[in-house]
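Structure first, commentary second.
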Amino acid sequence: MTHPTDTDTYFICATPRTGSSLLLGLLDSTGVAGHPQAYFRSPDEVAWAERWEMAHTPQGALDYGDFVRAALAEGRTGNGVFGAKLMWGTHAELTDRLAGLHPDLAGDEPRLLEREFGRVRFVYQYRDDVLAQAVSWLRAEQTGVWFLGGKGEISGGGGDVDARPRFDRAAITRILRTIEEHNAGWERWFEVYGIQPHRIRYEDLSADPHAVTHGVLDFLGLALPSGGRITPSHRRQADQLNQEWAARYRLPAEVTASKSKASPSAPPSPSSSS
């Protein structure tokens with residue numbers, strides 16, 4: 001299948017709560033940038049396999065070559081472009097599995113990806129306000145709601161939107177460290193393999209999603225079809241409680257502790273965006 005671009009596949013490289021789900025939906029809506037999803041997250045493999053009516057053992061073992069081919073068939077648009085999301089760590093899971101198919105390329109992650117996916121480009125999505133990211137991440141952990149809306153994602157849209165999330169300073173600190181580690185991991189990976197990704201800040205995506213989506217299309221060598229529209233499929237989730245938690249985290253720990261005793265639980269509200 002041919003198409004007028006030098007890109008066969010692109011991967012959205014991200015960490016949680018950087019707006020990656022929003023971006024996937026926007027790109028999907030263009031009709032020319034594949035149907036990007038988190039196809040290669042290992043805990044979701046069996047669910048995808050069942051959706052695609054693929055054989056697997058009761059323990060979840062399946063033919064990974066067939067799995068990749070099914071993902072490509074699901075995730076391509078008519079012009080042949082495929083898109084997918086990779087969180088930090090998921091890329092290693094994917095390339096480890098691909099190394100089993102192509103042992104001659106073991107250890108060379110970009111070449112493994114090119115062997116299966118053709119000409120590959122990378123989009124790196126991050127967030128300047130990492131405290132807001134950590135707060136959003138914690139609320140998603142507590143409620144199990146990682147996005148609202150969507151286009152048929154396998155996981156992350158369940159949970160309880162009416163759950164009562166609780167401020168947890170230690171958990172926010174833990175997540176801040178994780179964000180730092182994951183961002184540094186992506187930067188090292190790009191540097192080691194000489195990859196120049198297209199970079200997207202969450203703050204820019206939130207402010208002007210159409211401009212950011214057009215920027216990705218330009219990077220991929222794609223154009224929005226005549227009469228095409230860029231439309232979101234995910235709804236914004238951040239609210240005043242996110243701001244309150246961030247403000248509390250910036251306070252000294254002893255002040256936060258006294259506030260927690262005075263107000264032991266937070267009012268129910270939607271959780272934060274992915």
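Tell me, please, whether a residue that is part of a helix (DSSP H, G or I), open to solvent by 40 Å² or more (accessible area, probe 1.4 Å), charged (D, E, K, R) and in contact with an Asp or Glu (Cβ under 9 Å, 6 or more places away or on another chain) can be found in the range 39-56.
yes
Kindly indicate whether any position in the range 154-165 is open to solvent by 40 Å² or more (accessible area, probe 1.4 Å), hydroxyl-bearing (Ser, Thr, Tyr) and either part of a helix (DSSP H, G or I) or modelled with pLDDT of 95 or more (or both).
Scanning the range 154-165 turns up no residue that is open to solvent by 40 Å² or more (accessible area, probe 1.4 Å), hydroxyl-bearing (Ser, Thr, Tyr) and either part of a helix (DSSP H, G or I) or modelled with pLDDT of 95 or more (or both).
Taking the range 72-110, which residues are among the hydrophobic types (A, V, I, L, M, F, W, C) and farther than 23 Å from ALA33 by Cβ?
First pass over the range 72-110, keeping only residues among the hydrophobic types (A, V, I, L, M, F, W, C): 72-73, 81-82, 84, 86-88, 92, 94, 98-99, 101, 105-106.
Matches in the range 72-110: ALA92, ALA99, LEU101, LEU105, ALA106.
State whether the residues of the range 97-105 include one that is touching a helix residue (DSSP H, G or I) at 6+ places or on another chain (Cβ under 6 Å), open to solvent by 40 Å² or more (accessible area, probe 1.4 Å) and under 23 Å from SER20 (Cα atoms).
no
Taking the range 69-127 on its own, how many of its residues are closer than 15 Å to LEU24 by Cα and of a type in the set (Phe, Trp, Tyr)?
Going through the range 69-127 one residue at a time, the tally reaches 4.
Find the residue count for the range 1-54, including only residues that are without any contact (Cβ under 8 Å) to a residue 60 or more places away in the chain and among the small types (Gly, Ala, Ser). Break it down into steps so the answer makes sense when it comes.
Quick first cut of the range 1-54, residues without any contact (Cβ under 8 Å) to a residue 60 or more places away in the chain only: 34, 36, 39-40, 42, 45-46, 49-50, 52-54.
Now drop any that are not among the small types (Gly, Ala, Ser), which leaves 34, 42, 49.
Selection size over the range 1-54: 3.
Here is a yes/no grid of residues against (1) open to solvent by 20 Å² or more (accessible area, probe 1.4 Å); (2) under 15 Å from ILE12 (Cα atoms); (3) basic (Lys, Arg); (4) touching a His at 6+ places or on another chain (Cβ under 7 Å):
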{"residue": "ARG174", "(1), (2), (3), (4)": "yes, no, yes, no"}
{"residue": "ILE179", "(1), (2), (3), (4)": "no, no, no, no"}
{"residue": "ARG188", "(1), (2), (3), (4)": "yes, no, yes, no"}
{"residue": "GLY194", "(1), (2), (3), (4)": "yes, no, no, no"}
{"residue": "ILE200", "(1), (2), (3), (4)": "no, yes, no, no"}
{"residue": "SER206", "(1), (2), (3), (4)": "yes, no, no, no"}
{"residue": "VAL216", "(1), (2), (3), (4)": "no, yes, no, yes"}
{"residue": "LEU220", "(1), (2), (3), (4)": "no, yes, no, no"}
{"residue": "GLY228", "(1), (2), (3), (4)": "yes, no, no, no"}
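Among the numbered criteria (1) assigned to a strand (DSSP E or B); (2) under 20 Å from ALA223 (Cβ atoms), which single criterion is violated by GLY31?
(1) is the only condition that GLY31 fails.
Within the range 33-69, restricting attention to residues that are small (Gly, Ala, Ser) and more than 23 Å from ALA14 (Cα to Cα), which residue is modelled with the lowest pLDDT?
If we filter the range 33-69 for residues that are small (Gly, Ala, Ser), which is where we start, we get 33-34, 38, 42, 47, 49, 55, 60-61, 65.
Going one step further and asking which of them are more than 23 Å from ALA14 (Cα to Cα), we end up with 49, 55, 60-61, 65.
On the way: ALA49: 91, ALA55: 88, GLY60: 81, ALA61: 86, GLY65: 95.
So, considering only residues that are small (Gly, Ala, Ser) and more than 23 Å from ALA14 (Cα to Cα), the one modelled with the lowest pLDDT is GLY60.
Within the range 76-117, how many residues are closer than 23 Å to ALA184 by Cβ and part of a loop (DSSP other than H, G, I, E, B)?
Of the range 76-117, the ones closer than 23 Å to ALA184 by Cβ are 84-96, 107-110, 112-113.
Remaining after also requiring part of a loop (DSSP other than H, G, I, E, B): 88-89, 107-108.
Here the count works out to 4.
Does GLY118 satisfy being at pLDDT below 95, surrounded by fewer than 19 Cβ atoms within 10 Å (Cβ to Cβ) and not β-branched (Val, Ile, Thr)?
Working: at pLDDT below 95: no; surrounded by fewer than 19 Cβ atoms within 10 Å (Cβ to Cβ): yes; not β-branched (Val, Ile, Thr): yes.
In short, no.
Only residues that are without any contact (Cβ under 8 Å) to a residue 40 or more places away in the chain and within 21 Å of the chain's Cα centre (by Cα): list them for the range 98-111, please. Steps first, please.
Start the filter on the range 98-111 by keeping residues that are without any contact (Cβ under 8 Å) to a residue 40 or more places away in the chain, which leaves 98-108, 111.
Selection gives LEU98 alone.
Specify which of the listed residues (ALA262, ALA238, ALA184) is open to solvent by less than 60 Å² (accessible area, probe 1.4 Å), modelled with pLDDT under 95 and not aromatic (Phe, Trp, Tyr). Walk me through it before giving the result.
Values: ALA262 fails: open to solvent by less than 60 Å² (accessible area, probe 1.4 Å); ALA184 fails: modelled with pLDDT under 95.
The conditions single out ALA238.
Report whether or not VAL123 is modelled with pLDDT of 95 or more, buried (at least 18 other Cβ atoms within 10 Å of the Cβ), within 15 Å of the chain's Cα centre (by Cα) and β-branched (Val, Ile, Thr). Before you say what the answer is, go through the steps one by one.
Details: modelled with pLDDT of 95 or more: yes; buried (at least 18 other Cβ atoms within 10 Å of the Cβ): yes; within 15 Å of the chain's Cα centre (by Cα): yes; β-branched (Val, Ile, Thr): yes.
Spelling it out, VAL123 is indeed modelled with pLDDT of 95 or more, buried (at least 18 other Cβ atoms within 10 Å of the Cβ), within 15 Å of the chain's Cα centre (by Cα) and β-branched (Val, Ile, Thr).
The values are calculated or read from the model by the stated rules, or taken from the named source; none is laboratory data. Because the structure is a prediction, the values reported are computed rather than measured. We place every Cβ from the backbone using ideal geometry, glycine too, and count neighbours over all the protein chains shown. Please note that ligands, DNA and RNA were not included when accessible areas were found on the heavy atoms of the full protein model with its side chains. Shrake-Rupley method; radii C 1.70, N 1.55, O 1.52, S 1.80 Å.
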